[in-house]
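Worksheet: one structure, shown below.
Values in this text are rule-based calculations from the coordinates and carry no lab data. Predicted model, so just to flag it, every value in this text is computed and none were measured. Every residue, glycine among them, receives a Cβ derived from its backbone with ideal geometry; neighbour counts consider all protein chains shown.
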Amino acid sequence: MSQPTPTTSPTDKRRIGAPLLEIRDLQVSFATQAGMVPAVNGVSLTLLQGETLAIVGESGSGKTTTALSVIKLLPGAAEITGGSILFDGVDLTKLSEKELESVRGKQIGFVPQDPMSNLNPVWRIGFQVEETLVANGKAQRGRDAREKAIAVLESAGLGDAAQRMRQYPHQFSGGMRQRVLIGIGLSSTPKLLIADEPTSALDVTVQRVILDHLAKLTAESGTSVLFITHDLGLAAERAQKLVVMYKGRVVEAGPSVELLQNPQHPYTKRLVAAAPSLASHRLQGSASSIAARDQRDAESADVDLARTAEERAAHAASALAAPPAVQVENLTKVFRISSGKLRSEPFTAVDSVSFSIAKGTTTALVGESGSGKSTVARLVLKLDEPTSGRIVVDGRDLSTTRGKDLLALRRRMQPVFQDPFGSLDPLYNIGATIAEPLVAHRVGNAREQQARVLELLDQVSLPKKLVDRYPNELSGGQRQRVAIARALALKPDIVVLDEAVSALDVLVQAQILALLGELQSELDLTYLFITHDLAVVRLIADNVCVMRKGRIVEAASTSEVFDNPKEQYTQELLAAIPGAGITLGA
Amino acid sequence: MLWYILRRVLQVIPVFLGATLLIYFMVFALPGDPIAALGGDRGLNPAVADAIRARYHLDQPFFIQYLYYLQGIFTGDLGTTFSGQKVSDILGRTLPVTFRLAVMAIIIEAIVGILIGLVAGLRKNGVFDTVSLLLSLVLISMPIFVLAFLAQFVFGIKLGWARTTVSGDAPLNELILPAFVLAFFVVANVIRLTRTSVIENLDADFVRTATAKGLSRPRIIRVHVLRNSLIPVVTLIGTDFGLLIVGATVTEGIFNVPGVGNTLFKAIILSEAPTVVSFVTVFVIVYLLSNLLVDVLYAFLDPRIRYGK
């Protein structure tokens with residue numbers, strides 16, 4: 001595992017020089033039923049040759065729209081309504097569709113966000129690389145294209161390319177597909193590569209390897225990179241220059257480290273304060289100076305993660321003496337998976353996992369996809385039966401709890417899931433959604449239920465008027481608050497949070513984490529927090545269990561895991577947190 | 001791939017047995033005694049009636065009779081009609097005609113449906129799209145006999161381009177008009193499905209990536225939009241094949257095509273049980289085979305199915 005790459009290394013052969021891409025006063029609007037709605041409003045930026053520039057912003061900030069405007073890949077309803085995009089002296093906004101074809105791929109490469117949906121499922125990998133080479137005049141159809149495609153895939157870091165290019169996308173992992181897409185993007189050695197959140201769909205260690213490789217390839221060829229991301233830490237680590245976008249406008253731009261250490265615009269300040277990977281470093285810094293700065297900046301008062309974390313530490317100390325709320329002993333879950341033909345083979349998803357959670361504290365299960373952490377959550381919630389092992393909740397063995405007792409136990413244990421869009425029924429209004437557990441468990445009459453719903457809305461800081469709105473009228477953060485309110489409806493003692501903040505923008509994520517912290521101390525809740533994001537763990541958890549391939553490889557208190565990780569895998573995970581290598585000025 | 005096909009073939013067996021059992025049971029459950037009916041008003045000598053019953057295994061329990069019936073299917077003995085012709089001979093004569101008609105109709109349906117659907121999808125909400133929508137609605141809402149009489153009148157009588165009826169050996173050129181009628185009866189669904197599928201795929205991420213790769217528009221449409229859009233369309237067209245063979249009855253009647261539909265229609269009117277049962281059995285087999293063909297084509301078009309679990 002490599003160390004975080006410094007932003008400029010001595011081996012960097014980039015020719016930093018003349019401007020390659022100049023966007024001037026770009027305006028992009030979307031046609032909606034209410035008329036043209038501006039998505040990008042007067043964006044200007046300059047990218048020099050050999051340079052990497054990152055556009056940072058939350059979803060809806062216009063960062064992707066700006067990037068896609070460059071090669072006119074905008075969705076049908078969007079239209080460039082003003083400004084110019086100079087690439088190598090040519091205004092791309094004035095080119096015809098035919099002229100653009102010779103720019104796309106050949107001069108400007110593109111690496112898309114989601115590796116799962118960006119390769120055509122019905123064509124072999126090799127075919128999709130070869131057609132790119134042929135279309136851009138880099139190879140002759142046939143053997144020549146095949147040989148060059150192998151070279152492209154090998155340089156993108158795909159081992160055994162000659163064999164694997166005969167396979168189809170669904171036979172590739174997400175990381176492998178992203179390598180293929182990077183290979184395709186760079187196959188014609190373009191002058192500019194647009195990378196739109198190229199690794200957000202991947203595990204953190206895979207992300208690191210892929211981005212390191214991308215940095216190496218673009219450095220070797222002197223390719224400029226326009227990097228789009230929502231992750232400030234990642235952006236600062238990978239780009240020399242940052243452009244922060246908010247609601248279609250550039251709010252701040254400048255050299256990465258400078259911008260992070262001394263953000264000027266209130267929005268950038270909030271972003272820096274909320275970025276979990278960066279904020280965790282603030283914990284080591286002087287807390288008083290941070291508090292003082294927050295006093296000056298009223299906007300960030302509602303997302304003071306440092307303070308929440310401190311309160312947590314104080315609270316955790318007092319809770320240590322309490323008996324465990326959840327105790328898991330030698331938990332094992334074996335699935336039978338089909339291995340083609342009629343056979344199936346056992347797959348151990350969870351392998352002798354043991355841990356316990358003290359009442360009123362938070363234990364985080366951390367691991368990459370496929371590590372078995374979500375299976376543990378399902379077993380603890382009794383949504384699935386373990387193959388062997390014991391789960392004891394408040395002194396009751398889950399496996400022997402049935403009927404009425406089980407129902408009573410379920411009331412005390414509630415889940416919050418990852419997807420704030422998928423986990424709310426679109427046909428239920430917010431009031432009905434939150435009241436549903438009350439109705440299902442026959443708690444109180446209609447009037448009491450209604451009162452409880454309003455109380456819950458208040459607890460999760462949502463306005464009462466939302467009660468008769470529907471999920472599609474709410475933002476992602478609001479929806480996740482609704483999901484939390486629903487989980488709290490039955491006054492549970494234990495809440496299982498399965499990637500509950502992973503799908504949220506960083507500022508919203510910070511708010512939800514702060515809310516969870518407040519609710520915990522207020523209601524004395526016990527959390528089992530499942531996540532792939534170690535940076536978030538530090539802010540919310542008292543104890544951490546690091547899972548890999550179904551086993552817990554390291555279990556300790558949060559500070560121990562972060563300050564003194566014992567296992568190599570934990571160290572790798574920690575090193576892979578984007579922006580971990582950047583020190584912020586206090 | 002081979003495993004996939006083998007599994008599909010194996011799945012055909014229980015469906016075949018279930019369907020034939022059902023057909024046989026329904027005939028068995030029909031009221032009336034065919035043997036007693038043979039004697040007319042005078043009635044049969046009981047000894048003769050018993051002999052006939054024994055000959056046709058009618059004295060055996062239901063399930064044994066069914067097994068004899070299955071044996072007949074597999075040995076090609078489908079019984080005889082009241083006029084003494086072998087049912088297998090009639091099928092041998094009429095099935096190829098209907099098959100030819102259905103294949104022609106399917107080809108017309110596929111070409112016309114996919115072309116119109118593709119253009120409509122590419123020019124979503126344009127003039128062409130709107131006109132094709134209106135045309136599809138007209139076709140969907142028109143009963144097939146109206147379509148057939150209209151075609152006969154316009155192309156056969158007014159323009160004189162084609163004969164209004166088909167002669168005994170049903171040559172290809174005489175089948176063109178009924179084939180078009182059959183095709184237009186089912187083409188609207190292909191147009192609509194192709195259009196929807198094309199629009200969906202035009203918005204797919206991999207099409208955007210293909211554009212970013214620098215591919216030309218025609219290549220993107222052909223390789224990345226059309227190919228992917230055809231997967232659901234093939235399923236529809238495949239099941240239409242079964243539908244056209246079985247459902248050609250009305251069209252064959254109007255154009256006097258000597259196919260299975262026409263023959264079956266006459267057999268039903270005359271209550272010729274052996275003919276009806278045999279024909280329906282053949283229809284079941286045709287349906288099963290055309291569905292099998294669809295599954296195989298599906299796997300050919302979509303590698304996720306070919307290599308999937």
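Below is a table of values for the structure above.
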quantity: Beta bridges by DSSP in the protein assembly as shown, antiparallel share as percent, to the nearest 5; calculated: 60
quantity: Options A:GLN178, B:ASN201, A:LEU573, ranked by Cα towards positive dipole end of the protein assembly as shown, top entry (Cβ charges); calculated: B:ASN201
quantity: Approximate spin-label separation B:LEU270-B:THR239, in nm, with each point projected 7 Å along Cα-to-Cβ; calculated: 3.5
quantity: For the protein assembly as shown: span of alpha carbons on each principal axis (Å, largest first); calculated: 115, 73, 54
quantity: Sequence ranges B:251-263, A:398-410, ranked by mean other-Cβ count within 10 angstrom, highest first; calculated: B:251-263, A:398-410
quantity: Magnitude of the charge dipole, chain B, Cβ model with Lys/Arg +1 and Asp/Glu -1, debye to 20; calculated: 1320
quantity: Estimated inter-spin distance, B:VAL12 and B:ILE64, nm [label 7 Å along Cα→Cβ]; calculated: 3.2
quantity: Surface/4 estimate of mean projected area, convex hull on alpha-carbon atoms of segment A:496-586, nm²; calculated: 6.9
quantity: Cβ-based net charge around B:ASP302, under 12 Å, with every Lys or Arg adding one and every Asp or Glu removing one; calculated: +2
quantity: Two-site FRET efficiency, B:ASP203 against A:GLN33, from Cβ-Cβ distance with R₀ of 25 Å, rounded to 0.05; calculated: 0.85
quantity: Number of partner chain Cβ atoms within 10 Å, mean per residue of B:218-226; calculated: 2
quantity: Shielding score for B:199-210, defined as the mean number of other chain Cβ atoms within 10 Å; calculated: 5
quantity: Neighbouring partner chain Cβ atoms per residue of A:119-130, average, 10 Å criterion; calculated: 4
quantity: Charge dipole (debye, nearest 20) of the protein assembly as shown; +1 at Cβ of Lys and Arg, -1 at Cβ of Asp and Glu; calculated: 1420
quantity: Rg(Cα) / (2.2 N^0.38 Å) computed for segment A:505-556, rounded to two decimals; calculated: 1.25
quantity: Loop-located trypsin sites (Lys or Arg not before Pro) in segment A:106-170 whose Cβ has at most 15 other Cβ within 10 Å (DSSP); calculated: A:ARG141, A:ARG166
quantity: Farthest positive-ward along the protein assembly as shown dipole, Cα basis, beta-carbon charges - from B:PHE255, A:ILE108, A:SER557; calculated: B:PHE255
quantity: Cβ-based net charge around B:VAL246, under 13 Å, with every Lys or Arg adding one and every Asp or Glu removing one; calculated: -2
quantity: Charged-residue dipole, Cβ positions (Lys, Arg, Asp, Glu), segment B:56-181 about Cα centre, Debye nearest 20; calculated: 440
quantity: Listed residues A:ASN120, A:ALA54, A:ALA446: farthest to the positive end of the dipole of chain A (Cβ charges); calculated: A:ASN120
quantity: Euclidean distance between Cα centres, segment A:170-223 to segment A:351-382, Å; calculated: 32
quantity: Inter-probe distance in nm under a simple model that places probes 7 Å from Cα toward Cβ, at A:GLU220 and A:ASP397; calculated: 5.9
